[in-house]
1. Test of understanding: what is the full-extension gain from Ser133 to Asp199, defined as 0.36 nm times their sequence separation minus their Cα-Cα distance?
2. At 7 Å along Cα-to-Cβ for each site, give me the label-to-label distance between Arg143 and Asp284 in nm.
3. If we sort 204-214, 220-230, 183-193 on the protection proxy, mean other Cβ atoms within 10 Å, highest first, what's the order?
4. Would you calculate, for the chain, the mean residue ellipticity at 222 nm contributed by helices, counting each DSSP H stretch of 4 or more residues as -39,500 (n - 2.57) and dividing by all residues, to the nearest 500?
5. What is the set of long-range amide H partners of Asn274 at a cut-off below 5 Å, with H atoms built 1.01 Å from backbone N?
6. Going by the alpha-carbon gyration tensor, a ≥ b ≥ c the square roots of its eigenvalues, is the chain rounded (a/c under 1.5) or, if a/c is not under 1.5, prolate (a/b greater than b/c) versus oblate?
7. Filter the chain for me: DSSP H helices, axial length by Cα at least 24 angstrom, mean Kyte-Doolittle hydropathy not below -1.0. List them by residue number.
8. Any idea how far apart Glu240 and Lys41 come out in nm if each label point goes 7 Å out from Cα toward Cβ?
Amino acid sequence: MSSFESSGGNNSSAQKRPAISFEFFPPKTEEMERNLWETIKRLAPLNPSFVSVTYGAGGSTRERTHSTIARILKETSLTPAAHLTCVDASRGEIDDVVASYHDTGVRHIVALRGDPAAGIGTAYTAHADGYQSSAELVSAIKRRYPDIEVSVSAYPEKHPESADYDADIDMLKAKVDAGADRAITQFFFDNDLYNRYVDRVRTRGITIPIVPGILPVQNFKTAKNFATRAGASVPSWLAEKFEGLDDDAETRKLVAATVAAGQVQKLFKHGVENFHFYTMNRADLVFAISHLLGFRAGSQKAA
């Protein structure tokens, strides 16, 4: 039996399984819409703690994010978390979005500053009448809707714009002081980066869950480019595992599932109890990894 699997029944001594959650992005086309819902239908029976839906820069996916969230609420038993950013929007506009989500039944928001409208790597300029930081956004949400759970971002390798780790953790502390309930990290491939980050965070008196973001590598070149833009490092050992597999999709999947499952298993043994998977709107790898971790369709949702 996997170390993640419960022995079944109501045996109180059964080993605990980690909690999992999934991230999706709103589809742009009808084909992408069909693919997303195939992915949701495949993963929903695993009963994740919640599923999040991203929000494009400057609110570019606002309607699509909202309609995806509304459909999840209507057609599934999943708990949705709506992403929301501060980019290119006034306080009033953002407040209206939050109110709309609350009216729809959403009780979990992932509150982010958001990437610069001109793209990662360019200077960020806050809207003149907007929230100046994610901490301000968290505070506003909690002040108006204390029943909404708020998750925020965290960066094991620090945010690319942060001067140093101390400044980066200052930003996280501000979000926690504003009322954040949980932090979800940028993806990483080296667990030592996460473990050191959590040690720093705990030393600063931050006690909220720091949920590791896990990115199964669908395509190594794509993942490497994504990591470069996000300021995440790619260890040489990971590159070596995918070497020579550019034209071998099936073997890439097997390697990717093994790598991600091993990463999560090691973190779990280190005491981590929650994991957030960046699905890229694909179910195959995430389902396989979850299965390796002891999750079965129809299993009870983790607390």
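What follows is calculated from the coordinates using simple rules that are stated; it is not laboratory data. Please read these numbers as outputs of a predicted model, since none were measured by experiment. Cβ coordinates were reconstructed from backbone atoms using ideal geometry, including for glycine residues, and neighbour counts include every protein chain displayed.
1. Working: separation 66, 0.36 × 66 = 23.76 nm, distance 2.47 nm.
Between Ser133 and Asp199, full extension yields 21.3 nm more.
2. Here the answer is 4.9 nm between the modelled labels.
3. Working: 204-214: 17.4, 220-230: 15.4, 183-193: 19.5.
By packing density, highest mean first, the sequence is 183-193, 204-214, 220-230.
4. Numbers: 10 runs with 126 residues, N = 303.
Using -39500 (n - 2.57) per qualifying helix, the result is -13000 deg cm²/dmol.
5. Ala19
6. Numbers: a/c = 1.35, a/b = 1.26, b/c = 1.08.
Judged from the Cα gyration tensor, the chain comes out rounded (a/c under 1.5).
7. Working: long enough: 249-269 (30 Å, 0.17).
Answer set is 249-269.
8. 4.3
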